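*Asks:* One structure follows; several queries about it will come next.
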Amino acid sequence: MATSISFVGLSCFLLSLCLVCSLKEGYAFEELIESYAESYLTHTFEVSSLFASSICNHSTKANERESTFRVVDKYGPCFQPSLHRSVVPPSLTDIIRSDRARIYSIQARLSKNSGRRDLIVEPNSLGIPIIDGSAFDTLSYLVKVGLGTPKKDLSLILDTGSRLTWTQCEPCRSCYKQSEPLYDRDDSNSYVTIPRNDPVCEYVRRPVDPPRPINLCSYEISYGDGSVSVGFFSKETLTMSAAEKINSFLFGCGTDNKGPFNLVAGILGLNQEDASIVFQTAQKYNKIFSYCLPSSTSSTGHLTFGSQTPAPAGIKYTKLVAEKSPFYGLDLIGIGLGGTKLNIPESIFTTPGTIIDSGAVFSYLPPVAYMTFRDKFRVAMSAYPLIPGPTAAIETCYDFSKSTSVTVPEISFFFKDGTIVGIPGKYSFIEYNTTLTCLGFQDGGDKHSIIGNKVQRTMEVVYDVPGQRVGFAPNGCS
């Protein structure tokens, strides 16, 4: 026994001696650091890149495709109406309150008790009046479409959670202010009314007090904040580009509208219901579309219909969960930092499920997942000053004003089919000003996880409905 112990002791001594010698030469230490760096993925970016410039930087991808709309941020120089009227971006407090209203509406529709269409309230991608009645906008993305013949250019909210495309119409009995001239059906030679007894009139909810004439198909669509659009369900020519037009496109011609829409002409509905543009153009584009949301308010992205050849470089597909329709559901089973999956039970994610949404700003995780993720994120960011957020809900914020660059761990989404999608750490933040930048994740309660629009920035997100899959490709806007 003594000989055995002596042998072990001698072995340990010799091993230690070798390690000391290696460390002295620097090799083992350097290898250890290199190994750690490879296993912990980070991204370093200039702090100045978080904030928009006064000049619009156009995406080159939008110019390369025919069936494409340009996507812009509502509050930047790429949204041309902002040149004519100042639009003040919402505060982070306003954003989270508005986001919560949208999330509650989405959860209501996903609930088993929300099956009746006449009781369904569309999720709101725009704003919510809070206690005092003030209206707050969220950070939405816009596409400019051409409607009518000759076409009238209109800026609409890109919304994967809405089934109906609508805009304000003349003659308007009650309309909110918008920057662009209202669409006037009398000025278009391609506008077509739909009779009340037409089968497509079943796609929309009829108002209790329909506008005159009552023999025409009318619609009403309401949102979580009390905003509403009422008018006539009609047909018109929708222009994407000089070479791409959609004839007899079904849309809502709103003659009574209210809500905090702030300059925007209406909504472009992209969900999985009959009246959405995705399903209306199924014969031409096969229910396939993709978008790339711009990196900042001074950049542009694109919304493209139809499959792309060749496919976007580096694209990764994951399964589309059919039972979450009309929303786009995903089989999320985990979240990671630095390339490593966090120790969170998969059931935390799979029991309620997950959807991806173009209208929600923040991303929402179940409580256990959020707290684990938040705590690990703070540890990884301990080199930077953690400061109080504007509300209890926005609790992980930083002041980067004394830094020229920031290093952030990569965020990963882990899906049931083995797909792992990495998000550059820069897009885990929502920046408000030079001294206030906050983590773009929130506690979503014991409900569905939601992948919001800020973490989707610069990726090309491909929705392949017939293939029942959603794809993610890096560098989609450049």
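*Asks:* Looking at the structure I just gave you, is Ile348 crowded, with 18+ Cβ neighbours inside 10 Å, in contact with a Leu (Cβ under 9 Å, 6 or more places away or on another chain) and of a type in the set (A, V, I, L, M)? I'd like the intermediate steps shown before the answer.
*Replies:* Values: crowded, with 18+ Cβ neighbours inside 10 Å: yes; in contact with a Leu (Cβ under 9 Å, 6 or more places away or on another chain): yes; of a type in the set (A, V, I, L, M): yes.
When the stated conditions are applied, Ile348 passes them.
*Asks:* Could you look through segment 366-402, keep only residues that are of a type in the set (Gly, Ala, Ser) and surrounded by 14 or more Cβ atoms within 10 Å (Cβ to Cβ), and pick out the one that is farthest from Ile103 (Cα to Cα)? Don't jump to the end; show me each part of the working.
*Replies:* So the first thing to find is which residues in segment 366-402 are of a type in the set (Gly, Ala, Ser), and the list is 369, 380, 382-383, 389, 392-393, 401.
Narrowing further to those that are surrounded by 14 or more Cβ atoms within 10 Å (Cβ to Cβ): 369, 380, 389, 393.
On the way: Ala369: 18, Ala380: 29, Gly389: 21, Ala393: 14 Å.
Top of the filtered list is Ala380.
*Asks:* Of all residues in segment 190-230, how many are under 32 Å from the mean Cα position of the chain (by Cα), surrounded by fewer than 20 Cβ atoms within 10 Å (Cβ to Cβ), of a type outside the set (A, V, I, L, M, F, W, C) and more than 21 Å from Cys175 (Cβ to Cβ)?
*Replies:* Final tally of qualifying residues: 1.
*Asks:* Which residues, counting only those in segment 286-295, are over 16 Å from Pro312 (Cα atoms) and either surrounded by fewer than 18 Cβ atoms within 10 Å (Cβ to Cβ) or of a type in the set (A, V, I, L, M, F, W, C) (or both)? Break it down into steps so the answer makes sense when it comes.
*Replies:* Going residue by residue through segment 286-295, those that are over 16 Å from Pro312 (Cα atoms) are 286-287, 294-295.
Result: Asn286, single match.
*Asks:* Is it the case, given these coordinates, that Gly266 is crowded, with 24+ Cβ neighbours inside 10 Å, in contact with a strand residue (DSSP E or B) (Cβ under 8 Å, 6 or more places away or on another chain) and at pLDDT 95 or above? Outline the logic, then answer.
*Replies:* Numbers: crowded, with 24+ Cβ neighbours inside 10 Å: yes; in contact with a strand residue (DSSP E or B) (Cβ under 8 Å, 6 or more places away or on another chain): yes; at pLDDT 95 or above: no.
So Gly266 fails the test.
*Asks:* Which one of these is touching a residue at least 60 places away in the same chain (Cβ under 8 Å), surrounded by fewer than 21 Cβ atoms within 10 Å (Cβ to Cβ), of a type in the set (Ser, Thr, Tyr) and in a strand (DSSP E or B): Ser478, Ser412?
*Replies:* On the way: Ser478 fails: in a strand (DSSP E or B).
Just one listed residue meets the conditions, Ser412.
*Asks:* Does segment 462-475 hold any residues that are β-branched (Val, Ile, Thr), under 17 Å from Pro326 (Cβ atoms) and assigned to a strand (DSSP E or B), and which are they? It would help to see each step written out before you state the result.
*Replies:* Initially, segment 462-475 is screened for residues β-branched (Val, Ile, Thr), giving 462, 465, 470.
Filter once more, keeping what is under 17 Å from Pro326 (Cβ atoms): 465, 470.
Within segment 462-475, just Val470 meets the criteria.
*Asks:* Could you name every one of the helices (runs of 4 or more DSSP H) located completely within segment 249-357 that has at least 3 residues being under 26 Å from Thr149 (Cα atoms), over 21 Å from the mean Cα position of the chain (by Cα) and not hydrophobic (A, V, I, L, M, F, W, C)?
*Replies:* Filter on segment 249-357 gives 282-285.
*Asks:* Hey, another quick one. Is at least one residue of segment 249-260 touching a Pro at 6+ places or on another chain (Cβ under 9 Å), buried (at least 19 other Cβ atoms within 10 Å of the Cβ), in the same structural domain as Arg378 (by TED's automatic domain parsing) and among the β-branched types (Val, Ile, Thr)?
*Replies:* Scanning segment 249-260, I find no residue that is touching a Pro at 6+ places or on another chain (Cβ under 9 Å), buried (at least 19 other Cβ atoms within 10 Å of the Cβ), in the same structural domain as Arg378 (by TED's automatic domain parsing) and among the β-branched types (Val, Ile, Thr), so the answer is no.
*Asks:* Residues of segment 358-401 being part of a loop (DSSP other than H, G, I, E, B), of a type in the set (D, E, K, R) and touching a Phe, Trp or Tyr at 6+ places or on another chain (Cβ under 9 Å), which ones? Give the derivation first.
*Replies:* Here is the first cut: in segment 358-401, the ones part of a loop (DSSP other than H, G, I, E, B) are 358-362, 366, 381-385, 388-396, 399-401.
Filter once more, so that each one left must be of a type in the set (D, E, K, R): 395, 399.
Passing the criteria: only Asp399.
*Asks:* Let me ask you something else. Between a residue in segment 200-222 that is without any contact (Cβ under 8 Å) to a residue 40 or more places away in the chain and any residue that is part of a helix (DSSP H, G or I), which pairs come within a Cβ distance under 8 Å, given they are 6 or more apart or on different chains?
*Replies:* Hits for this filter: Cys217/Val200; Cys217/Cys201.
*Asks:* Cβ contacts < 9 Å: first residue within 27 Å of Pro409 (Cβ to Cβ), restricted to segment 316-344; second residue surrounded by 17 or more Cβ atoms within 10 Å (Cβ to Cβ) and among the acidic types (Asp, Glu), any location; separation 6+ or different chain. Result?
*Replies:* Every condition considered, the pairs that remain are Tyr317/Asp464; Thr318/Asp331; Lys319/Asp331; Tyr328/Asp357; Gly336/Glu410; Leu337/Glu410; Gly338/Glu410; Gly339/Glu410.
*Asks:* Please pick out the residue among Thr407, Thr435, Thr419 that is of a type in the set (Ser, Thr, Tyr), touching a residue at least 24 places away in the same chain (Cβ under 8 Å) and touching a helix residue (DSSP H, G or I) at 6+ places or on another chain (Cβ under 9 Å).
*Replies:* Details: Thr435 fails: touching a helix residue (DSSP H, G or I) at 6+ places or on another chain (Cβ under 9 Å); Thr419 fails: touching a helix residue (DSSP H, G or I) at 6+ places or on another chain (Cβ under 9 Å).
Only one candidate qualifies: Thr407.
*Asks:* Still on this structure: Please enumerate the residues belonging to segment 202-216 that are out of contact with any Leu (no Cβ under 9 Å at 6 or more places or on another chain) and not in a loop (DSSP other than H, G, I, E, B). Can you show your working first?
*Replies:* Filtering segment 202-216 for residues out of contact with any Leu (no Cβ under 9 Å at 6 or more places or on another chain) gives 202, 205-209, 211-216.
Selection gives Glu202, Leu216.
*Asks:* Among the numbered criteria (1) more than 22 Å from Ser296 (Cα to Cα); (2) touching a Pro at 6+ places or on another chain (Cβ under 6 Å); (3) surrounded by 22 or more Cβ atoms within 10 Å (Cβ to Cβ), which one does Val470 miss?
*Replies:* (2)
The values are calculated or read from the model by the stated rules, or taken from the named source; none is laboratory data. What you are looking at is a predicted structure, and each value in this text was computed from that prediction instead of being measured. So basically every Cβ, Gly included, is an ideal-geometry build from the backbone, and we count neighbours across all protein chains shown.
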